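Below you'll find the structure, written out as structure tokens, and then a few comments.
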Amino acid sequence: MNERDSEAVAAQLVAKGYTLAKSEAVADVVLLNTCSVRDMAERKAINKMSNMIGIAKKERPNQVFGFMGCMAQSRGQELVDKLPDVDLVVGTQKFHRTADYLDEILAGRRDKIVDTAAEEKSEAAIREHLLNGNAQKSVSAFVSIMQGCNQYCTFCIVPYTRGEERSRTIDDIVTECRDLVSRGVKEITLLGQIVTSYGRREKRDEWRVTSGASASFPSPVTRHPSSPFVRLLEAVHEIPGLERIRFTSPHPKGYGDDLVDAYARLPKLCESAHIPVQSGSDRLLKIMHRGYTRERFLGIIEKLRRAKPGIGVSTDIIVGFPGETEEDFEQTLSLAREVEFDQAYIFKYSPRRDTPAADMPDQLPTSVKEERNERLLQLVNEIAARNYEKLVGTQVQILVEGPSKKNPARMMGRTRCNKIVVFDGSDRHRGQVMDVKITRAGSFTLYGEPDILE
Ligand code: SAM
């Protein structure tokens, strides 16, 4: 989500005549988009900013510095008090004001600007794309469908930094997606904190389809058995030329039968699901305020695998939540064994200010968090390696995205299940959907040979 927000701000600046600098050392303006989900991310951003300011004082006295995003939102003026050379602090509902604020600062009309106020309709302001950011055509794009979160998990700072859930209209999102496809994009990932809650808080009228993809759509007054999110998937699915649809992150509570059914019905919806589980212990899931049980989560995975055998499943897990006992943690290990995730992002619990969990008793020592992190990581890696190995010799369909990050001489694409495949190809293959035979499996990467190389 941060990458997407940063891209939109960069695109807004480019539209105003700015150009992207190769590095901060040659930039007139440096903006740091920040994350608050864990303390480490905040500390990194503050250290990076103070290092840059230290260098700029000696070498580039006119360089302008700004913080954007979640830490900017939660700390606001405090950041300028701590680092007086910071010129701009832009909160999460103000990304789209960045270009105007920079103009004012650069023209000398204002010295410092801190804006963390709420702004109505800001959820629809992240829409510009930098499709040729690397001077190469983008095949895949993120589209922000909503902002904020209302889940209030006891560990999570997001509802406080990103505000209440607010969704864009289907019409607005489809227009943005159509435009992306007309510019060569083949795959769209719909983005939100909890995408499965899309449109649930808005009045029915606000997410009706009024143009574009509306032709085969039920009128807004018709009772539709699907959730607004599934209706959005259906509307995006109708866009000609779009090959693949993904979304992140859903919440397990949003996996009703309508969504499971959408995987079976909508061929462009890739068979891959990133479903954050956080813990395998019912006791902890309750204290975390997650709103589902281990059994319900396992039931969802079972249904998804029945609807789409081989579906890629990944997750987020927190280890060392306050009061997590060895028994609770064993439950998480056993859940990981049972589900066999393709990938899991494992986080050591980090107390966040103003969240209920930060004040809970039995905060665990770092050594316990590290040890559990290591054990879980090892298990997830072992299972994933085994399952990746099973793909050797099979044929998979990939969408070619561009050169491999680790070895730019080779190309990379993704399977529909979201696994990375590296192969010998050339730039001509970018954007192509092609069949590849898997010859080798590495760590979370597959290596393959295209069936026919034109
Ligand atoms: N939509 C996601 C969900 O359903 O939970 C939330 C996305 S959150 C920004 C990304 C991940 O960060 C979470 O899934 C969680 O695993 C992790 N996270 C959030 N707060 C955390 C904390 N205080 N300490 C450690 N990890 C945390």
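Which ³J(HN,Hα) values, rounded to whole Hz and listed in residue order, are derived for the stretch 241-251 from phi using the Karplus coefficients 6.51, -1.76 and 1.60 in 6.51 cos²θ - 1.76 cosθ + 1.60 with θ = phi - 60°, glycine and proline given as x?
Result, ordered by residue: x, 7, 9, 9, 10, 10, 8, 7, 9, x, 10 Hz.
By how many nm would the segment from residue 325 to residue 121 grow when fully extended, if each residue of separation counts as 0.36 nm and the alpha-carbon distance is taken off? It would help to have the intermediate numbers written out before the result.
Values: separation 204, 0.36 × 204 = 73.44 nm, distance 4.34 nm.
Length gained between residue 325 and residue 121: 69.1 nm.
Using just the helices of the chain, give the 222 nm mean residue ellipticity in deg cm²/dmol: DSSP H runs with n ≥ 4 each add -39,500 (n - 2.57), and the total is spread over all residues, rounded to 500. It would help to have the intermediate numbers written out before the result.
Working: 13 runs with 152 residues, N = 454.
After summing the helix terms and dividing by residue count, I get -10500 deg cm²/dmol.
From the phi angles alone, apply the Karplus equation (6.51, -1.76, 1.60; θ = phi - 60°) to the stretch 225-235 and give each ³J(HN,Hα) in whole Hz, x where the residue is Gly or Pro.
For the stretch 225-235, the Karplus curve yields x, 8, 6, x, 5, 5, 4, 5, 4, 4, 5 Hz.
List the residues whose amide H sits under 5 Å from the amide H of residue 344, counting only those 5 or more places along or on another chain, with H placed 1.01 Å from N in the peptide plane.
Result for residue 344 returns 315.
Which one of 2, 51, 31 is farthest out on the positive end of the charge dipole of the stretch 1-157, using unit charges on Cβ (Lys, Arg +1; Asp, Glu -1) and the Cα centre as origin?
The residue sitting farthest along the positive end of the dipole is 51.
If you count only protein heavy atoms with a 1.4 Å probe, what accessible area per residue comes out for the stretch 1-139, rounded to a whole Å²? Mind dumping the intermediate values first?
Numbers: 7070 Å² over 139 residues.
Accessible area per residue: 51 Å².
Could you check how much of the accessible area of the chain is carbon and sulfur, as a whole percent, using a 1.4 Å probe? All intermediate terms of the calculation are to be shown ahead of the outcome.
Working: 10100 of 20590 Å².
Percent of accessible area from carbon and sulfur atoms in the chain: 49.
When the Karplus curve 6.51 cos²θ - 1.76 cosθ + 1.60 is applied with θ = phi - 60°, which whole-Hz ³J(HN,Hα) does each residue of the stretch 335-351 get, with x for Gly and Pro?
These are the phi-based 3J(HN,Hα) values: 5, 4, 5, 6, 7, 6, 4, 6, 7, 9, 8, 9, 10, 7, 3, 10, x Hz.
Using the alpha carbons of the stretch 318-411, what is the convex hull volume per residue in cubic angstrom, as a whole number?
Values: hull volume 15.2 nm³, N = 94.
Hull volume normalised by residue count: 162 Å³.
Along its three principal axes, how long is the stretch 275-324 when you only count alpha carbons? Whole Å, largest extent first please.
In descending order, the Cα extents are 37, 16, 12 Å.
Heavy-atom accessible area per residue, the stretch 351-454, 1.4 Å probe: how many Å²? Mind showing how you got there, number by number?
Numbers: 5740 Å² over 104 residues.
Heavy-atom accessible area per residue stands at 55 Å².
Using Cα-only point scatterers and the Debye equation, what is log10 of I(q)/I(0) for the stretch 53-155 at each q in 0.14, 0.18, 0.22, 0.24 Å⁻¹, rounded to two decimals?
Each listed q corresponds, in turn, to -0.71, -1.01, -1.18, -1.25.
List the cysteines in the chain whose Cβ has no other cysteine Cβ under 4.7 Å from it.
Cys with no partner Cβ under 4.7 Å: 35, 70, 149, 177, 270, 417.
Cα centroid distance between the stretch 232-250 and the stretch 421-442, in Å?
Comparing the Cα centres of the stretch 232-250 and the stretch 421-442, I get a distance of 23 Å.
Could you name the lysines whose alpha carbon sits less than 29 Å from that of residue 405, not counting residues in the same chain fewer than 8 places away?
22, 44, 48, 137, 186, 268, 348, 390, 419, 437
Return the long-range amide H neighbours of residue 154 (sequence gap of 5 or more, or a different chain), with a cut-off of under 5 Å between placed amide H atoms.
Hits under the 5 Å cutoff: 289.
What ratio of Cα Rg to 2.2 N^0.38 Å holds for the chain? List each step's numbers first, then the result.
Numbers: Rg = 22.7 Å, N = 454, 2.2 N^0.38 = 22.5 Å.
In units of the globular-protein estimate, the chain measures up at 1.01.
How do the peptides 375-382, 158-165, 264-271, 19-26 rank, highest first, by the average count of neighbouring beta carbon atoms within 10 Å per residue?
On the way: 375-382: 15.6, 158-165: 20.1, 264-271: 17.2, 19-26: 11.0.
The most tightly packed comes first, giving 158-165, 264-271, 375-382, 19-26.
Give the lysines whose C-alpha is closer than 18 Å to that of residue 16, dropping any in the same chain fewer than 8 places away, or say none.
94
The values are calculated or read from the model by the stated rules, or taken from the named source; none is laboratory data. Please read all numbers here as calculations on a predicted model, not as lab measurements. Note: ideal-geometry Cβ built from the backbone for every residue, glycine included; neighbour counts use all protein chains shown. In case anyone asks, the SASA skips ligands and DNA or RNA and just uses the protein heavy atoms, side chains included. Shrake-Rupley method; radii C 1.70, N 1.55, O 1.52, S 1.80 Å.
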